[in-house]
Amino acid sequence: MGETIKDLKRTHLCGEVTKKDNEDKVTIMGWVQKRRDHGGVIFTDIRDRTGIVQVVFNPDLGEELFKKADTLRSEYVVAITGEVESRPDGNINPELSTGEIEIKAEELRILDAAKTPPIQIEDDIDTGEDIRLKYRYLDLRRPKMTKMIGLRHKITKACRDYLDEEGFWEIETPILTKSSPEGARDYLVPSRVNPGQFFALPQSPQIFKQLLMVSGMEKYFQIARCFRDEDLRANRQPEFTQIDMEMSFVNQEDVLEITEGLMKDLFAIGDIEVPAKIKRMSYQEAIDRFGSDKPDLRFGMELKDLSEAVKDSEFNIFSGTVANGGQVKGINFKGGADSPRSTIDSFEDYVKMFKAKGLAWMALREDGLKSPIAKFLAEEEIEAIKSKMEAEEGDLLLIVADKASVVAAALGNLRLKIAKENDLIPEEIYEFVWIVDFPLFEYDEDEDRMAAIHHPFTAPKEADIEKLESDPASVRSKAYDLVLNGEELGGGSIRINNHELQEKVFSALSITKEQQQEKFGYLLEAFDYGTPPHGGIAFGLDRLMMIVGRTDSIRDVIAFPKTQKATSPLTKAPSKVDKKQLQELGISIRS
């Protein structure tokens, strides 16, 4: 059983004892990082969340103290009182904030002993993530992880400080809410007191923050927990955190301006500069130039439209595609002309993953043009392609002919693949861009209907409202996404604040009147009582943290994350529950 600290007061944190405390008596508390015996003197490194300080146990301070110090092992929890001394010149450690001093121990209390931990409590360990997550409470003791959690606190505090200064109120919205028919799958929660009925965990606070605008709150924000039961990818979690904002009596430019100020404050914590005015790019321009609405602007290799140059070609794959309303586009892999055929074949296999039928190529090598399609093209067509793609000797031209959406997806993703594999993306470059003027809808082939690109509460541009019934695919929205280095940081829109317009958008999405009332009747009714124009935005805090913390894993920035299979190795969640609990809920499990 450990000793107590009943009559002992901690005076300093480990990482904050410095030369200014020289000759002062201090009391520190923390974990033993290391213990070393040097010529009859015991040195220990004591760690807390602020850092490490060295403690010296000399035999001349008493046999009992020295013997107790000799029992210390890694991760023992201790309290130590002693005098701060300057280290000898040859023993200064410039890598530690405490590296100029040490504490000469006068009292040691062992508050708790510890077994040998199953993972090393230090950075750069070669331990599988499954073990790290199983013993997450130990993993979080590592300086890198402790720093990451501290950084997350600083980010959320800076967010609250900025929004408070801008007049926002932090307001909590319900966690147990109503299931929505749009978006990803909901996590459902059965209601015991209402048998056969279910709550849903929120995918976002969207409807409630709009209702807060109806309520006259005017400026709302929340560090909101959100839940989505979807197939997971490397950097997605079933539960995640959003910086969520909504404001009344604003237009799109107002929202973007407030957001830019917030981003400037948050990224400054990671020494990343945000431009005073972030550039704007339309959705269509992003698709045309980069094949993506999340363009990475750190390198070139933009998509070039070759349709005009080959529309009359005898090569029917090109001309036929153009005649049928498709596109012929290409990217220029500068210096890629000597790529082996196996590499080019792998590029073709890759674009087929995005439904492209094939990949044409031209290699401008030192001994001339090499291409399996050159014999089908007139000389002037080849020259037009080279001119359009700004090609020169040493370049590899990669071309896809298909419908516009396939061309964009295939070449946009191939562009990123080539850049990553060939180290074409500069590090420590941060290219922010607002993507604006999104289409309001996109066609969902699986559902055979229009689907909202953002969500069904996004307002259409006034000039396009009349096309909601006649040509919904051409309707543009008042939506905007903030993109950084090819990653979407967040997105939002100006919302619909009119009952009649909201019903028109629902109808364009093939949501029947009955479904509208069943799912959103309370929102539509609220719109009848005077709703201000309003808009907002939400940012993924976890993804933002990855960038500021300069880590590639979203699990590094969350205290207790799930695996890619949405499980917790620490708690073994999700798990089976007692039959009695299921009976109370009126639920039976089908085998």
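All of the numbers you see were taken from the coordinates with simple rules; none came from a lab. None of the values given here were measured: they were computed from a predicted structure. No Cβ is skipped: glycine too gets one built from the backbone with ideal geometry, and neighbour counts run over all protein chains shown.
Here are some notes:
- Matching label, Rg/Rh (Cα atoms, Kirkwood Rh) computed from the structure shown, candidates (1) 1.06; (2) 1.18; (3) 0.96: (1)
- Contact order relative to length of segment 82-126, as percent, for alpha carbon pairs under 8 angstrom and 6 or more apart: 36
- Per-residue ³J(HN,Hα) for segment 393-400, Karplus 6.51 cos²θ - 1.76 cosθ + 1.60, θ = phi - 60°, Hz, x for Gly and Pro: 4, x, 8, 10, 9, 10, 10, 10
- Here residue 20 is the anchor, and the aspartates and glutamates within straight C-alpha reach of less than 16 Å, apart from those fewer than 8 places off in the same chain, are 83, 85, 100, 102.
- Contact order relative to length of segment 14-112, as percent, for alpha carbon pairs under 8 angstrom and 6 or more apart: 34
- Of 329/420; 157/294; 209/294; 304/403; 277/467; 6/147, pairs whose Cα-Cα distance is over 23 Å: 157/294; 209/294; 277/467; 6/147
- Phi-derived couplings, Karplus 6.51 cos²θ - 1.76 cosθ + 1.60 at θ = phi - 60°, listed residue by residue for segment 535-547: x, x, 7, 9, 10, x, 4, 5, 5, 4, 4, 4, 6 Hz, with x used for Gly and Pro.
- Aspartates and glutamates with Cα under 16 Å of residue 388, excluding same-chain neighbours fewer than 8 positions away: 288, 302, 305, 308, 379, 380
- Charge tally in the Cβ shell below 14 Å around residue 320, where Lys, Arg are +1 and Asp, Glu are -1, residue 320 excluded: 0
- Partners of residue 355 within straight-line reach, counting aspartates and glutamates whose Cα lies under 16 Å from its Cα and excluding those fewer than 8 residues away in the same chain: 345, 402, 444, 445, 446.
- Interchain or long-range residues, amide H under 5 Å from residue 189's placed H: 199, 200, 201
- Taking θ as phi - 60° and the Karplus parameters 6.51, -1.76 and 1.60, the scalar couplings of segment 220-231 work out to 10, 8, 7, 8, 9, 7, 10, 9, 9, 8, 10, 5 Hz in sequence order, x denoting glycine and proline.
- Net +/- balance of residues flanking residue 247 in space, Cβ distance below 10 Å, scoring K and R +1, D and E -1: -2
- CD proxy at 222 nm, helix term only [per DSSP H run n ≥ 4: -39500 (n - 2.57); per residue of the chain; nearest 500]: -8500 deg cm²/dmol
- Taking a ≥ b ≥ c as the square roots of the eigenvalues of the alpha carbon gyration tensor, segment 299-421 is oblate, as a/c is not under 1.5 and a/b does not beat b/c.
- Taking a sphere under 15 Å around the Cβ of residue 271 and counting the other residues whose Cβ falls inside, with K and R at +1 and D and E at -1, yields a net charge of 0.
- Mean Cα-pair separation over length for the chain, i.e. relative contact order, pairs under 8 Å, 6 or more apart, %: 13
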